[in-house]
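Chemist: Please find one structure pasted underneath; my questions will follow.
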């Protein structure tokens, strides 16, 4: 059976058995996801790439003892986020010019920005929406990103962001309400 | 899914609903049926639905493509680097490409579901057949053995294949709007087709094109699976649509080339001159307008349309009997060559996937073409059992 036809649990099991093909497969599948996610927190691309390499090196080293998962994306995003934050904080300890706060920035290029160019009909509506998007907090943006770009469930997003499911729902719901107000405001 | 629950939903609630989000972001027949039925039953919810669809689509991130070479996990051991030859810029091809825009589309076309567009068309898969075929509106099938087949459809209804008349000129004036002909070209062959409006289409290997015998509607629609190069005759009153499984393209008049293979990961369109609009082939599809030199890619995995700038010569060269290639993994090139020559290329052993830059002459036999690539990619080509085996 080809790896691409297998379920997440199956791929993960092959990986735990030490199958090198499974390592390459997981890497190929999830490297872009992790890289794009990481680059939303920082522009320091080598730091993000290093974090991914560390994550995989660690997984391979501990392949016999890592836990089971039926959602590899979730598993990787969660460990990656934790590692990246640790690395970012360490990097910022030596860089006093850019003081790190608890609120890591999260920068996203939204698809609505493409609408602004060349689609007159929607131009106004898109501009309003974009303005509303500008008012979102970093945490809201991250939750919205995980929800609508990565299509994850509320429970999974909550786990990745280390918050409660209610808090996660509220983050997204508040963000959507701001968006809706942005769209409605027709002047 | 329970439609009762949705009757009282607000825009926000639709946006936050799991099933609704999945429907907007993933193409799935079952949920498509559910939501279309819901909309029919509750037309008063249309505004909320459209707004929710708009918000969800707007809230997606636009993400840059990640270079292929980064996707290989580097176990800590030696690496073999691909050697690249210098860039070959061909003035001639640049000129040829000036009035060409290219659309590369993936996927077999099973049905087309946009409201505005007509009935679904099922395309025949004839990629592995020996001969090319044309299926006439009445269901009769004609086969042709020629490697390069010339098909001409005139406005009076006359249809010829390699100058042999298949359908004579119609005397009656009644024109059946839905009369479609289907041209099926297997791997290893090509065809050049002229439509009733003068539009010319070069159909590449392993492709199927369905077109109307007459253009009587207020739009001209052709359906494609595989790859084709179009020179569309300008007619502002009747826009021309190229429709594939996952993308539709609207043109008023220009020359272009379309490719649609279901074993490719993406669907893409490259524009050289004029403007085109591309959109996902589904309800409320947002369209992306292209300027010359731009490409729109539909990633089937991520299900998003993205736009970037490309060297158009790389996408149009096949029409002139060449493949211009710039830093492409050899496995991708093998895929194209397999289709073009209808011969099997088996990668037996490659330590790394070399990349190739250069110009391949498709008039050469496959062995010569492969040796050309092997020379710069430092691998060996062995001809065995009518197959070509690639070894380190």
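Chemist: Any chance you could check the Cα centroid distance between region B:22-64 and region A:1-55 for me, in angstrom?
Modeler: Each part's Cα centre sits 31 Å from the other's.
Chemist: Okay, next question. Hey, got the average number of other protein chain Cβ atoms within 10 angstrom for residues in A:145-152?
Modeler: On the way: counts 4, 0, 7, 11, 8, 2, 7, 0.
Mean shielding count: 5.
Chemist: A further question on this structure: Using only Cα atoms, locate the centre of region B:120-148 and the centre of region B:191-255, then give the distance between them in Å, rounded to an integer.
Modeler: The two parts, judged by their Cα centres, are 17 Å apart.
Chemist: Going by the alpha-carbon gyration tensor, a ≥ b ≥ c the square roots of its eigenvalues, is region B:321-391 rounded (a/c under 1.5) or, if a/c is not under 1.5, prolate (a/b greater than b/c) versus oblate?
Modeler: Numbers: a/c = 1.59, a/b = 1.05, b/c = 1.52.
Verdict is oblate for region B:321-391.
Chemist: Averaged over its residues, how many other protein chain Cβ atoms are within 10 Å of peptide B:47-53's Cβ atoms? Write down the numbers at each step before the final one.
Modeler: Working: counts 0, 0, 0, 0, 5, 2, 0.
That works out to 1 on average.
Chemist: Okay, moving on. Between region A:140-186 and region B:267-333, what's the alpha-carbon centroid distance in Å?
Modeler: With region A:140-186 and region B:267-333 each reduced to a Cα centre, they are spaced 33 Å.
Chemist: If we sort B:268-279, B:211-222 on the protection proxy, mean other Cβ atoms within 10 Å, highest first, what's the order?
Modeler: Details: B:268-279: 23.2, B:211-222: 19.1.
Packing proxy ranking, top to bottom: B:268-279, B:211-222.
Chemist: Angle between the Cα long axis of helix A:165-184 and the longest principal axis of chain A, 0 to 90 degrees, nearest 10?
Modeler: In chain A, helix A:165-184 runs at an angle near 30 degrees to the longest axis.
Chemist: Take peptides A:153-159, B:361-367 and line them up by average Cβ neighbours within 10 Å, highest first, as a rough protection proxy.
Modeler: Values: A:153-159: 18.6, B:361-367: 13.1.
Result, highest mean first: A:153-159, B:361-367.
Chemist: If one takes the longest principal axis of the Cα atoms in chain A, at what angle in degrees, from 0 to 90 and to the nearest 10, does the Cα axis of helix A:20-38 lie?
Modeler: 30 degrees
Chemist: Using 0.36 nm per residue, how much length does the chain from residue B:311 to residue B:7 gain when fully extended, once their Cα-Cα distance is taken away?
Modeler: Net length gain for the segment: 104.5 nm.
Chemist: Sticking with this structure for a sec: So how do A:59-71, B:132-144 stack up, highest first, on mean other-Cβ count within 10 Å?
Modeler: Highest mean packing first, the order is B:132-144, A:59-71.
Chemist: Give me the percent relative contact order of chain A, please, defined on Cα pairs under 8 angstrom at least 6 residues apart. Let's see the in-between values first.
Modeler: Working: 152 pairs, mean separation 35.0, N = 187.
After rounding, I find 19 percent.
Chemist: Label-point separation (nm) for residue B:70 and residue B:145, each offset 7 Å from Cα along Cα-to-Cβ?
Modeler: 5.3 nm
Here, each number is a calculation from the coordinates, and none is a lab measurement. These numbers come from a predicted model, not from an experiment. Cβ coordinates were reconstructed from backbone atoms using ideal geometry, including for glycine residues, and neighbour counts include every protein chain displayed.
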